[in-house]
Amino acid sequence: MSELEFPSSVGAAAGTPGLSQWQRVANTFVAPSNTFVEIQRGKRSWWLPFVIMALVGYIFFAAITFKIGWAQVAENTLHADAKTEEKLANSPASARETALKFTRYSIEGGIAAGPVLSLAFVALLSLGLWGTINFVFGGKATFGSIFAVWFYASLPTLIKSLLGTIVIFAGSDPETFNIKNFAPTNLAAFIFPNPLEANKAFYVLASWLDFTTIWMLALLGIGTAIVAGVKRSSGYIAVFGWWAIFLLISVGVAAATS
C-alpha cells in the first residue's frame, strides 16, 4: 500500500455504515488509519474522546485531592525550583505563604479547568498544523478535520493519567510527588529519580521523550496526512517539526534559567 492509499475496508461500499464513535476510539489504538479515514470522509465528531479524557483527568484530579493534597503539591513545586526556594528562604514568611497560595490555586485551577483549556489549546495548535500541512505541504485538510484528528490522536495520553492515578493510590510519598512528571512514561522518570539532582536542561529534554507523547505525535502525523491527502512522511515532518521547535525552546529556557 502506498502512502497515499487509504484502507478500502472502511465504508468502501455505497451504503455501508461507517464506524461509530466508540469504534473510532477503539481503532485509534489498533487500526488508526480506519479512524482517520472516517474523519477524512466527513465524520468529524470529536466529543467522545474529549469526554473520555475529561473523565480520566478528573479521576486523576480526585486522586491528588484526596491522597496528596494541593497544599503539598504547591510545596513540592516550589521546593523543586532551587532559585525560587532560595529566594523565598531569604524572604518574610508572608512572602512564602503568598507564593504557596498562588502556586496552589494556579495548579489546582488549571487542572480543574483542563477540559475547557484543552479546547482552546487544541484549537490553537490545530490552526498551526492546518496552516503547515496545507500551505507548506500542499494539503487539502479542513480545520475541523485537523481538530478532530487531534482529539483522537491524543487518546494514548490517557495512559499517563491512569498510571499517575495508580501510582498515587499505590502509596506514592506525598512529599516527593512531582506534578510536572507524575508517571513513569518518560526517560526523566527513570534516569533522574530526584529532579533536584539533575541538570535542569537535561531533565526537561528527558521528560519530553515520553512514550505516550511520541505515540500521540505518530498518530497525529498519520491522521494529518490522511485528512490532508498528502504523503504520510509529510504528516510526520509537519507534526514532529513543530514538536522539535517547542522542545528546543523548552530546553533553551531551562538552560537559561538553571
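Read-outs throughout are calculated quantities, based only on the coordinates presented, and are distinct from any laboratory measurement. Everything numeric here is computed off the predicted structure, so don't read it as measured data. We place every Cβ from the backbone using ideal geometry, glycine too, and count neighbours over all the protein chains shown.
Provide a single number: the residues in the range 228-258 that are of a type in the set (Phe, Trp, Tyr) and touching an Asp or Glu at 6+ places or on another chain (Cβ under 6 Å). Steps first, please.
At the first step, the residues of the range 228-258 found to be of a type in the set (Phe, Trp, Tyr) are 236, 240, 242-243, 246.
Checking the rest, the ones that are also touching an Asp or Glu at 6+ places or on another chain (Cβ under 6 Å) come to none.
Result for the range 228-258: 0.
Taking the range 206-216 only, how many residues are part of a helix (DSSP H, G or I) and free of Cβ contacts under 8 Å to residues at least 40 places away in the same chain?
Count: 4.
Given the criteria touching a residue at least 40 places away in the same chain (Cβ under 8 Å) and either out of contact with any helix residue (DSSP H, G or I) (no Cβ under 8 Å at 6 or more places or on another chain) or under 30 Å from VAL37 (Cβ atoms) (or both), does ILE111 qualify?
Details: touching a residue at least 40 places away in the same chain (Cβ under 8 Å): yes; either out of contact with any helix residue (DSSP H, G or I) (no Cβ under 8 Å at 6 or more places or on another chain) or under 30 Å from VAL37 (Cβ atoms) (or both): no.
Answer is no for this residue.
Just for the range 45-76: of the residues that are part of a helix (DSSP H, G or I) and not hydrophobic (A, V, I, L, M, F, W, C), which one is surrounded by the most Cβ atoms within 10 Å (Cβ to Cβ)? Full working, then the answer.
To start, the set of residues in the range 45-76 that are part of a helix (DSSP H, G or I) comprises 47-68, 70-76.
Subsequent filtering for residues that are not hydrophobic (A, V, I, L, M, F, W, C) retains 49, 57-58, 65, 67, 72, 75-76.
Values: PRO49: 22, GLY57: 19, TYR58: 16, THR65: 15, LYS67: 17, GLN72: 16, GLU75: 18, ASN76: 19.
Filtering the range 45-76 for residues that are part of a helix (DSSP H, G or I) and not hydrophobic (A, V, I, L, M, F, W, C), the one surrounded by the most Cβ atoms within 10 Å (Cβ to Cβ) comes out as PRO49.
Could you figure out which of (1) closer than 21 Å to THR212 by Cα; (2) in contact with a Lys or Arg (Cβ under 8 Å, 6 or more places away or on another chain); (3) in contact (Cβ under 8 Å) with a residue 40 or more places away in the chain; (4) of a type outside the set (D, E, K, R) isn't true of THR185?
(3)
Can you spot a residue in the range 196-208 that is within 19 Å of the chain's Cα centre (by Cα) and of a type in the set (Phe, Trp, Tyr)? It would help to see each step written out before you state the result.
Taking the range 196-208 as the starting set, the residues that turn out to be within 19 Å of the chain's Cα centre (by Cα) are 203-208.
With of a type in the set (Phe, Trp, Tyr) added as a condition, the list becomes 203, 208.
Looking for residues that are within 19 Å of the chain's Cα centre (by Cα) and of a type in the set (Phe, Trp, Tyr), one finds at least one in the range 196-208, hence yes.
Within the range 85-122, which residues are of a type in the set (Gly, Ala, Ser), assigned to a helix (DSSP H, G or I) and loosely packed, with under 13 Cβ neighbours inside 10 Å? If you could, list the steps in order and put the result at the bottom.
Within the range 85-122, the first condition is being of a type in the set (Gly, Ala, Ser), and the residues that meet it are 89, 91, 93-95, 99, 106, 109-110, 112-114, 118, 120.
Keeping just the survivors that are assigned to a helix (DSSP H, G or I) gives 89, 93-95, 99, 106, 109-110, 112, 114, 118, 120.
Hits for the range 85-122 are ALA89, ALA93, SER94, ALA95, SER106, GLY109, GLY110, ALA120.
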